[in-house]
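> Here's a structure for you.
The values are calculated or read from the model by the stated rules, or taken from the named source; none is laboratory data. Values in this document were obtained by computation on a predicted structure and should not be read as measured data. Don't worry about glycine lacking a Cβ; one is built from the backbone with ideal geometry, like all the others, and counts go over all protein chains shown.
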Amino acid sequence: MKTRMGPGLLLLIFLLPACLAAARRETPYEKFQRQHVDTSDPWESDPTRYCNLMMPRRNMTVSICKDLNSFVHGALARITAVCGSGGTWHHGNFYYSNSPFPVTDCQTTGASRWPRCVYGGDLRSKRICVACTNGQPVHYARPSVCGGP
Ligand SMILES: *[C@@H]1O[C@H](CO)[C@@H](O)[C@H](O)[C@H]1NC(C)=O
């Protein structure tokens, strides 16, 4: 017995996976949040332990050990506001926050070999430098990129 698929069904079969793939792909703002934003209350006071938990949890040790990454602690609205009233334009699309945020910097140690990624962490309060697109942060930069220390 032969069945013929109508064009509607064919379209569904070919477009559905494409739509699902498109839905899964994160936007630059979502990627910024995954890599650089932690809105949860402080739950790990040791920055090194924090980094060794958070780097895998946020998928930054999947195919390589991401060498250097910073987590900004605070409400998403306050971090996003750095692109507007909470920040000062520096150059290009970079904005420097007017007030400091707690930031955990994570860096691989010499013992780190993928897939065993090992991080050291450092927590301090600093103004953050971000690149913005359409009023949303899409890239985290070292404070020095915005003229900071
Ligand atoms: C990490 O990747 C897995 C598998 O692709 C995905 O299910 C999960 O949502 C990702 N986690 C984050 C925080 O994006």
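> Take the residues in segment 39-48 that are within 14 Å of GLY121 (Cα to Cα) and among the acidic types (Asp, Glu); name whichever of them is nearest to the chain's Cα centre (by Cα). Before you say what the answer is, go through the steps one by one.
Of the residues in segment 39-48, the ones within 14 Å of GLY121 (Cα to Cα) are 44-48.
This time we only want the ones that are among the acidic types (Asp, Glu), so: 44, 46.
Details: GLU44: 19, ASP46: 21 Å.
This residue is GLU44.
> Please go through (1) at pLDDT below 95; (2) closer than 18 Å to ALA141 by Cα for LEU15 and return the number of the only condition it doesn't satisfy.
Status for LEU15: all satisfied but (2).
> Is it the case, given these coordinates, that ASP105 is in contact (Cβ under 8 Å) with a residue 24 or more places away in the chain, of a type in the set (D, E, K, R) and buried (at least 17 other Cβ atoms within 10 Å of the Cβ)? Before you say what the answer is, go through the steps one by one.
Working: in contact (Cβ under 8 Å) with a residue 24 or more places away in the chain: yes; of a type in the set (D, E, K, R): yes; buried (at least 17 other Cβ atoms within 10 Å of the Cβ): yes.
Criteria met by ASP105.
> Here's a follow-up. Cβ contacts < 9 Å: first residue on the phi > 0 side of the Ramachandran plot, restricted to segment 57-86; second residue modelled with pLDDT of 95 or more, any location; separation 6+ or different chain. Result?
Taking only residues 6 or more apart or on different chains, the pairs are ASN59/ARG34; ASN59/GLN35; GLY74/VAL37; GLY74/ASP38; GLY74/THR39; GLY74/PHE101; GLY74/PRO102.
> Considering each of CYS65, CYS51 in turn, give the residue that is over 14 Å from the mean Cα position of the chain (by Cα), within 16 Å of the ligand (Cβ to nearest atom) and either buried (at least 16 other Cβ atoms within 10 Å of the Cβ) or among the basic types (Lys, Arg) (or both). Before you say what the answer is, go through the steps one by one.
Working: CYS51 fails: over 14 Å from the mean Cα position of the chain (by Cα).
Going through CYS65, CYS51 in turn, the sole match is CYS65.
> Going by what's in this entry, would SER97 be described as of a type in the set (Ser, Thr, Tyr) and either in contact with an Asp or Glu (Cβ under 8 Å, 6 or more places away or on another chain) or under 13 Å from HIS36 (Cβ atoms) (or both)? Quick ask: steps written out before the conclusion?
Numbers: of a type in the set (Ser, Thr, Tyr): yes; either in contact with an Asp or Glu (Cβ under 8 Å, 6 or more places away or on another chain) or under 13 Å from HIS36 (Cβ atoms) (or both): yes.
Here the answer is yes, as SER97 does meet what is asked.
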